[in-house]
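The values are calculated or read from the model by the stated rules, or taken from the named source; none is laboratory data. Being a predicted model, the structure only gives us computed values, none of them experimental. Because the Cβ atoms are built from the backbone with ideal geometry, glycine has one as well, and the counts that use them run over all protein chains shown.
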Amino acid sequence: MKNIINFSIIAHINHGKSTLADRIIEITKELKINSLKNQSLDTMELERERGITIKSQCATLKYKINEKEYILNLIDTPGHTDFGYEVSRALAACECAILLIDVNQGIEAQTISNYKKAINEKISIIIALNKIDIAKVDIKKQKQNIINLLKIEEDDIIEISAKTGTGVKKLIEKLITYAYSTKENNEEKLQALIIDSWFNNYSGITCLIKIKNGKIKKDEKIITLSNLASYKITELGIFTPEKENKNELIAGEIGFVNINCKNPNNIIIGDTITSAINPSEIKLKKINKIHSRVYASIYPTESEDLENLKTSLSKLALNDSSLEYEIQKSSIFGIGFKCGFLGLLHLEIIQERLEREYELKIIITPPNVTYKITLKNNSEKYINNPSDMPDNNFIKDIYEPIALTTIITPLQYTKKVLELCKENRCEKINTTYLTDTVSIECELPLSEIIFIFFSKLQTLTNGFSSMDYTEIIYKKSDLVKINILLNDKKIDILEFITHKTTSLTVGKNLIEKLSKTIPKHLFDIKIQAAIDKKIIARTTIKGLKKNVIAKCYGGDISRKKKLIEKQKLGKKRMKKFGNIEIPQNAFFAMLDISKK
């Protein structure tokens, strides 16, 4: 049995995970420090542009201590809360995690969240205090903060600089001695966990797997235990981080297998692979599927692209199992797809991938959350599209999703942040004071988070605050649906749900924003906001003017009157039957509706 250690690097966003991954690769390959291109494991163009990790990536490395060789399977993970599911999947395949903390920023919201995930997986954790080469704070003081908050020993913390390589070798050696020993067995029946998967037009589906027990060989027939579907292994190997083909993978290893399957719906992340000839009937511990928090509809701008959009979404969902989609019909845009996302950044990334990788022109509607409705017959209904909300006569109670939220902010901003929390209907606010920062835990409506709460928080604290939210619970709330009418026609994709106390202000502000984003037409456009049948706000976009009598040089005045009347009748017909163009930025305007 080889000495195999599987580990992940976890941290808050921008604490240096990808840079540390680069240094570990350089040291294990005995390369010159900083010889690799930056973010060597970030293979997606969007990752490099944004400077963030979106997808977890794996690299198999070798390292010798005292003439004994170890195989290190490194999994770099995202730091943004929207991609927390990637962290959970990575940790499910590991025996150890390096929790990286920027010495200047200290513990932030996602630091705590990732630490709890590692604790739940019952794996060993090493704390690496990063960026000591540019430390602007007292390092000893920062270490004490970490010890107090995470309840750990000082020996669990290693000071490093991922940029210069200082302390990274010591970190690798501590990892080897600190990690729990693997308990995999080559002689057992094959059991492999699907960690990730992706699609290639030529070779079909490739799965990233961890071999828990047994071996897997090229040309072997395997089955997936969720659906008992059978496949043949056409190619397998590891990433170093370059792709390297092998003839077999053994227990403890993380590698890839190509199964020559062209149907993305057949593969499930967290499924167990076993041998078709000598199968194991025991499924490995399942990776819990995370449910979408935010929903929006995606429509192709050209109806002939509908099938291309469906195929593209299925391929993205194969590589991103947190993406959900189902067919939906709109009275304005026709047939499209209602999609579920983990947050606004996740939505934005999917939009950019559809436009770049699949060259699709799409329209995305404003995001919504899932509400629970109790009807008067005591039945329950969950809706994530305001147009699905029943008539008020049938509704008994409405419940909205509440996120258990953690905010970490410098002490000097505490009062302002607490005021912002109260403005956005926060409840059960608990504060924990650290040396230079304060941790605020509260219950915050998810609808407030997905709109502009975080951007307001960053503006208020000059970018020095961080926020994370985890479990979602439902609480009874006084909510109403606002309908938007254009020339007296209800527009289903512009409907939204808001709290009754702010509905009047929100309705007025939205009408004002729509009047600035919808372009002028040849006819007047009346915009109204209504709750039930009551109009709460209205405005009019005046139509473009055309001088129909410009060519009448003199002549009888009655001829000019006839032309003007004819123009009025034409505009009246256009107003009744004409199509109103609703641009994408009209939907974006709905994301920034101030309540004041």
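Taking the criterion of being in a helix (DSSP H, G or I), surrounded by 13 or more Cβ atoms within 10 Å (Cβ to Cβ) and among the β-branched types (Val, Ile, Thr), would at least one residue in the range 367-389 satisfy it? No, every residue in the range 367-389 fails to be in a helix (DSSP H, G or I), surrounded by 13 or more Cβ atoms within 10 Å (Cβ to Cβ) and among the β-branched types (Val, Ile, Thr). Among the residues of this structure, residue 363 does not count as one that is out of contact with any Lys or Arg (no Cβ under 6 Å at 6 or more places or on another chain), of a type in the set (Val, Ile, Thr) and closer than 21 Å to residue 473 by Cβ. Could you check the range 414-450 and list, in sequence order, the residues that are assigned to a helix (DSSP H, G or I) and under 19 Å from residue 145 (Cα atoms)? Result: 414, single match. Looking only at residues of the range 461-486 that are part of a loop (DSSP other than H, G, I, E, B) and surrounded by 18 or more Cβ atoms within 10 Å (Cβ to Cβ), we find that the one that is modelled with the highest pLDDT is 477. When 532, 524 are checked against the criterion of being under 37 Å from the mean Cα position of the chain (by Cα), of a type in the set (D, E, K, R), farther than 25 Å from residue 364 by Cβ and modelled with pLDDT of 65 or more, a single residue qualifies: 532. Only one of the listed residues (453, 394) is surrounded by fewer than 16 Cβ atoms within 10 Å (Cβ to Cβ), on the phi < 0 side of the Ramachandran plot and without any contact (Cβ under 8 Å) to a residue 40 or more places away in the chain. That residue is 394. Considering only residues in the range 188-229 that are polar (S, T, N, Q) and in contact with a strand residue (DSSP E or B) (Cβ under 7 Å, 6 or more places away or on another chain), the one that is farthest from residue 257 (Cα to Cα) turns out to be 213. In the range 303-356, of all residues being touching a residue at least 12 places away in the same chain (Cβ under 8 Å) and of a type in the set (Asp, Glu), the one that is surrounded by the most Cβ atoms within 10 Å (Cβ to Cβ) corresponds to 320.
For the range 487-520, the set of residues classified as surrounded by 18 or more Cβ atoms within 10 Å (Cβ to Cβ), among the acidic types (Asp, Glu) and not in a helix (DSSP H, G or I) consists of 495 only.
Picking from 345, 318, which residue would you name as being at pLDDT below 90, within 30 Å of residue 222 (Cβ to Cβ) and not in a loop (DSSP other than H, G, I, E, B)? Can you show your working first?
Working: 345 fails: within 30 Å of residue 222 (Cβ to Cβ).
Just a single option satisfies the conditions, and that option is 318.
Close contacts from the range 470-497, counting a first residue that is over 19 Å from residue 365 (Cβ atoms) and a second that is among the polar types (S, T, N, Q) and surrounded by 15 or more Cβ atoms within 10 Å (Cβ to Cβ), with Cβ to Cβ under 6 Å and a gap of 6+ residues or different chains, come to 480/503.
Does residue 122 satisfy the criteria of being under 30 Å from residue 213 (Cβ atoms), of a type in the set (Lys, Arg), surrounded by fewer than 18 Cβ atoms within 10 Å (Cβ to Cβ) and under 30 Å from the mean Cα position of the chain (by Cα)?
Details: under 30 Å from residue 213 (Cβ atoms): yes; of a type in the set (Lys, Arg): yes; surrounded by fewer than 18 Cβ atoms within 10 Å (Cβ to Cβ): yes; under 30 Å from the mean Cα position of the chain (by Cα): yes.
Yes, satisfied.
Whether any residue in the range 65-78 is crowded, with 22+ Cβ neighbours inside 10 Å, over 20 Å from residue 179 (Cα atoms), in contact with a strand residue (DSSP E or B) (Cβ under 9 Å, 6 or more places away or on another chain) and not assigned by TED's automatic domain parsing to the domain that holds residue 410 is what I want to check. Checking the range 65-78: not a single residue is crowded, with 22+ Cβ neighbours inside 10 Å, over 20 Å from residue 179 (Cα atoms), in contact with a strand residue (DSSP E or B) (Cβ under 9 Å, 6 or more places away or on another chain) and not assigned by TED's automatic domain parsing to the domain that holds residue 410.
Could you grab me the full set of residues in the range 193-235 that are of a type in the set (Phe, Trp, Tyr) and touching a residue at least 60 places away in the same chain (Cβ under 8 Å)? Result: 198, 199.
Out of curiosity, is residue 85 assigned to a helix (DSSP H, G or I) and modelled with pLDDT of 85 or more? No: the conditions fail for residue 85.
Could you say whether any residue in the range 505-513 is hydroxyl-bearing (Ser, Thr, Tyr) and in contact with a strand residue (DSSP E or B) (Cβ under 8 Å, 6 or more places away or on another chain)? Please lay out each step first, then the result.
Within the range 505-513, the first condition is being hydroxyl-bearing (Ser, Thr, Tyr), and the residues that meet it are 505.
Retained after the next criterion (residues that are in contact with a strand residue (DSSP E or B) (Cβ under 8 Å, 6 or more places away or on another chain)): none.
No: zero hits.
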